[in-house]
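Worksheet: the structure to be examined is printed underneath.
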Amino acid sequence: MRTGRIIKSISGVYRVDSDGELFDTKPRGLFRKKKFSPIVGDIVDFEIENVTEGYIHHVHERQNELKRPPVSNIDHLIIVMSAVEPNFSTQLVDRFLVIAHSYELRPRIVVTKKDMASETQIVQIEKDLAVYQAIGYQTQFVGKDDDVEAIFDAWGDGLAVLSGQSGVGKSTLLNAYRPDLQLETNQISKSLNRGKHTTRHVELFERKRGFVADTPGFSALDFDHIQKDEVKDYFLEIQEYGQDCKFRNCNHMKEPKCNVKAQVEAGNIAEFRYAHYVQLFEEIAARKERY
């Protein structure tokens, strides 16, 4: 019996990396009976049938799991945004951060295409990134001439998963790091200000300090698994200041003696972050009422 990590899954065949050796494996029938499917990122025990093939007998417990696209045991979720084409959006960053925290993932923010941005845009993005750095997020603002190895190494050990809308440069970043991959990239649609999907499945690629995955571009972020009362926990500074509100279950909307609103007024919580919190809270509240 050997142990390895699933790095690719196509049509019920799971490619497993075990100490650098690759095996195409299939799950034993017991998984079907339990209605359980292995996913990319899973650590599995498998039996070798011949030189390159085998059968999965056991899937180790997952540290965490992203539902869409399905990938598990993520050490770093890299939220990739672009400075321009499509334009940088703090609202989108905040939505990705909420998704990341809801799945107990450790997110960091990478902004690409710095070389394509104007001086005014660069100044504004750096100002926005300083807000995220103050909260405790790791950020990188990169252009095509930056040392791509240093960018990837900064993410630390383990599995780093690239997420972000289409067209922000996830595949371009990977191609710069691993030219042998020759991943398909696409121009963004000028009218929609977003890219076409180029990545159609999740696959893990080796990097110096572990693995990296490119994920299919997100056109919509799914908040169905999040309740309105949970949103405040996924804005880290709001969660922290909220501990000093008068009411323990304060949602920082219209409640009296709300410390969060006081901190927004005092400039300790960025107004744009609070506005995005309110917007998402109301969006989820309306959805729940409808159903």
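The values are calculated or read from the model by the stated rules, or taken from the named source; none is laboratory data. Because the structure is a prediction, the values reported are computed rather than measured. All Cβ positions, glycine included, derive from the backbone under ideal geometry; neighbour counts span all protein chains shown. Protein only, heavy atoms only, side chains kept; ligands, DNA and RNA dropped before computing areas. Shrake-Rupley method; radii C 1.70, N 1.55, O 1.52, S 1.80 Å.
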For region 275-289, which positions are small (G, A, S) and either open to solvent by 30 Å² or more (accessible area, probe 1.4 Å) or at pLDDT 95 or above (or both)? A275, A286
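Looking only at region 18-52, which residues are open to solvent by 40 Å² or more (accessible area, probe 1.4 Å), more than 24 Å from the chain's Cα centre (by Cα) and either within 14 Å of F205 (Cα to Cα) or among the aromatic types (F, W, Y) (or both)?
Step one: filter region 18-52 for residues open to solvent by 40 Å² or more (accessible area, probe 1.4 Å), giving 19-22, 24, 26, 28, 30, 32-37, 43, 47-52.
Among the residues that remain, those that are also more than 24 Å from the chain's Cα centre (by Cα) are: 19-22, 24, 26, 28, 30, 32-35, 47-52.
Of everything in region 18-52, those that are open to solvent by 40 Å² or more (accessible area, probe 1.4 Å), more than 24 Å from the chain's Cα centre (by Cα) and either within 14 Å of F205 (Cα to Cα) or among the aromatic types (F, W, Y) (or both) turn out to be D19, G20, E21, L22.
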Does region 102-110 contain at least one residue that is more than 15 Å from S163 (Cα to Cα) and at pLDDT 95 or above? no
For region 86-109, how many residues are touching a Lys or Arg at 6+ places or on another chain (Cβ under 9 Å), open to solvent by less than 30 Å² (accessible area, probe 1.4 Å) and not polar (S, T, N, Q)? 3
Which of the residues belonging to region 53-85 are open to solvent by less than 10 Å² (accessible area, probe 1.4 Å) and of a type outside the set (A, V, I, L, M)? G54, S72, N73, S82
Condition (residue is part of a helix (DSSP H, G or I), among the basic types (K, R) and within 19 Å of the chain's Cα centre (by Cα)) applied to region 121-135: is it met by at least one residue? no
R15 versus (1) open to solvent by less than 70 Å² (accessible area, probe 1.4 Å); (2) under 27 Å from the mean Cα position of the chain (by Cα); (3) not small (G, A, S): which is the lone unmet condition? (1)
Please determine, by comparing only the residues of region 256-269 that are open to solvent by 50 Å² or more (accessible area, probe 1.4 Å) and within 24 Å of Q227 (Cα to Cα), which one is modelled with the highest pLDDT. K261
